[in-house]
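The values are calculated or read from the model by the stated rules, or taken from the named source; none is laboratory data. For clarity, every value in this text was computed on a predicted model and none was experimentally measured. In this analysis, Cβ positions are derived from the backbone assuming ideal geometry, glycine residues included, and neighbour counts consider all displayed protein chains. Calculation scope for accessible area: heavy atoms of the full protein, side chains included, ligands and nucleic acids excluded. Shrake-Rupley method; radii C 1.70, N 1.55, O 1.52, S 1.80 Å.
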Amino acid sequence: MQRTTVLSSWGRAIRRALDRAGVDSAALFAEAGLDIAALDDPNARYPLEQTTRLWGLSVQATGDEAFGLSVASQVNATTFHALGYALQASNTLREAFERMVRYFRLVTDAADLEFFPEGEDYCFRIRPAGAVMPAPESIDAFISIFLRFCRSHLGSGFAPRRVTLRRLAPASAAGYERVLRCPLEFGAAENAIWFPRWPFDQRLEGANPELARHNDEIALRYLAHHDKENLLARVRAVLTELLPIGVPAAEQVADSLHLSLRSLQRKLAEEGSSYEALLNETRRELAQSYLQDRRYSIGEITFLLGFSDTSSFTRAFRRWNGCSPSQFRERAG
């Protein structure tokens, strides 16, 4: 069985928060069974079990039940590898959150994310994905990180509608109230945060579709290399590489992954997907990314996605998005 892991660069934020609190971080890493030297390797990963132990030791050493909120303040763009840069370059907050959901396994396979509209709000949910439960402090940190990301674009006064946490209520909720500034429920059925929908489709000032796309490709390659069990990411990585020279046959993709066609089809079916579905999803996501970069003409995008002509691309895009490529580009600003 594959071991659940966390990107080791996440540990750098924990170490900085410990050092800032005057705690011997090296000693705590050693006690948790983690090699602190791995923090210098941007591709290294830590086992979830030992990382969870580090969180617990950190709370004990600092006496801070809201230690996860302190760690969130130490996170930077490199903490999440290429995904961090892709988030910063996203066209809208909605696109950034969708990107986080899509590539979150790069950060950890200990949790699954969901982002969906709910009435006039967007709900962002964090669900445990394995037998080992993530530390509640790590959930606190993630919630705070996503909120800080929103405030970096919308202003420090931005607040979510509400937050629910599965963890038990701390002795003092003052730290949470200071950071979240919204109705908060402890001991809830789920870890989730609700945002008003209205600002999530506004174009972000730092939007850079080309940079976002390049870092998406790095994230896909990372997942394909390090997450051998994530067949969907591996297929997407191959498709992204091959589409500019034409639509690859399923046999060609299977061969690239050292699988027989029958094995590829069976494994994709077990994941609730198919080659055709992944091909369409990959083309749709790439199309939206390319269209947000005005240096690419519709004709060039047609070629990059492996379509034989612009009319074929336009028909497919209408089927995916309910509008033409030019209409999508105009709405994206």
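Please work out the average accessible area per residue across segment 1-102, using the 1.4 Å probe convention, and give it in Å².
Numbers: 4220 Å² over 102 residues.
In whole numbers, segment 1-102 has 41 Å² accessible per residue.
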For Val107, enumerate residues with amide H under 5 Å from its amide H, sequence gap 5+ or separate chain, H modeled in the peptide plane.
none
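How would Arg213, Arg295, Arg262, Arg167 rank on accessible area, largest to smallest, probe 1.4 Å? Mind showing how you got there, number by number?
Values: Arg213 5, Arg295 155, Arg262 190, Arg167 40 Å².
Ranking Arg213, Arg295, Arg262, Arg167 by accessible area, largest first, yields Arg262, Arg295, Arg167, Arg213.
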With Cα coordinates, the longest principal axis of the chain makes an angle with the long axis of helix 261-270, in degrees rounded to 10, of 50
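Taking 8 Å as the Cα distance limit and 6 or more residues as the minimum spacing, I'd like the relative contact order of segment 32-148 as a percentage. Could you put the intermediate results ahead of the total?
Values: 112 pairs, mean separation 30.7, N = 117.
Across segment 32-148, relative contact order equals 26 percent.
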Which order do Phe67, Phe328 take by accessible area at a 1.4 Å probe, largest first?
Phe328, Phe67
Restricting to Cα pairs below 8 Å that are 6+ residues apart, what does the relative contact order work out to for the chain? Please round to a whole percent.
15
Below 11 angstrom from the Cβ of Leu54, what's the summed charge of the other residues (Lys, Arg +1; Asp, Glu -1)?
-1
Using only Cα atoms, tell me the angle between helix 209-226 and the longest principal axis of the chain; keep it within 0 to 90° and round to the nearest 10.
70
Checked segment 96-198 with the C-alpha gyration tensor, a ≥ b ≥ c its square-rooted eigenvalues, rounded below a/c of 1.5, otherwise prolate if a/b is larger than b/c and oblate if not; verdict oblate
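Would you mind classifying segment 164-290 by shape? Square roots of the alpha carbon gyration tensor eigenvalues, ordered a ≥ b ≥ c; an a/c under 1.5 is rounded, otherwise it is prolate if a/b is larger than b/c and oblate if not. Each step should come with its number before you reach the end.
Working: a/c = 3.05, a/b = 1.85, b/c = 1.65.
Prolate, since a/c reaches 1.5 and a/b exceeds b/c.
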Rounded if a/c under 1.5, otherwise prolate or oblate - segment 32-93, Cα gyration tensor axes:
oblate
So how far, in whole Å, is the C-alpha centre of segment 36-60 from the one of segment 153-204?
26
Can you work out ³J(HN,Hα) from phi for every residue in segment 8-17, in order, using Karplus 6.51 cos²θ - 1.76 cosθ + 1.60 and θ = phi - 60°, giving whole Hz and x for Gly and Pro?
5, 4, 4, x, 5, 5, 5, 4, 4, 5
Report ³J(HN,Hα) in whole Hz for each residue of segment 44-57, in order, from the Karplus equation J = 6.51 cos²θ - 1.76 cosθ + 1.60 where θ = phi - 60°; Gly and Pro get x.
6, 9, 10, x, 4, 4, 6, 5, 4, 4, 4, 4, x, 5
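DSSP beta bridges in the chain, what fraction antiparallel, as a percent rounded to 5?
Around 90 percent antiparallel, to the nearest 5.
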What residues have an amide H closer than 5 Å to that of Arg45, excluding those fewer than 5 places away on the same chain, when H is modeled at 1.01 Å from N in the peptide plane?
Ser8
What does the charge count around Ala159 come to, taking other residues whose C-beta lies under 13 Å from its C-beta (Lys +1, Arg +1, Asp -1, Glu -1)?
+4
Quick one: net charge around Gly306, please, counting Lys, Arg +1 and Asp, Glu -1 for every other residue with C-beta under 12 Å from its C-beta.
-1
Checked against the structure, the computed log10 I(q)/I(0) by the Debye sum over Cα atoms at q = 0.10, 0.15 Å⁻¹ among (1) -0.57, -1.28; (2) -0.75, -1.32; (3) -0.64, -1.31 is the one labelled (3)
Which value, in Å², gives the accessible area per residue of segment 155-306 when a 1.4 Å probe is used on the protein heavy atoms?
51
Within segment 160-223, report the GluC sites (Glu not before Pro) that DSSP leaves as loop and that have at most 13 other Cβ atoms within 10 Å.
Glu190, Glu205
Of Asp19, Asp109, Asp293, the most mobile residue in a GNM of the chain (C-alpha springs, cutoff 10 Å) is Asp19
To the nearest 10 degrees, the tilt of helix 310-321 (Cα long axis) against the first principal axis of the alpha carbons of the chain is 40
A 1.4 Å probe over the protein heavy atoms gives the chain a carbon and sulfur accessible-area percentage of 48
Scan around Thr4 for amide H atoms under 5 Å from its own, H built in the peptide plane at 1.01 Å from N, and keep only partners 5 or more places away or cross-chain.
Leu48
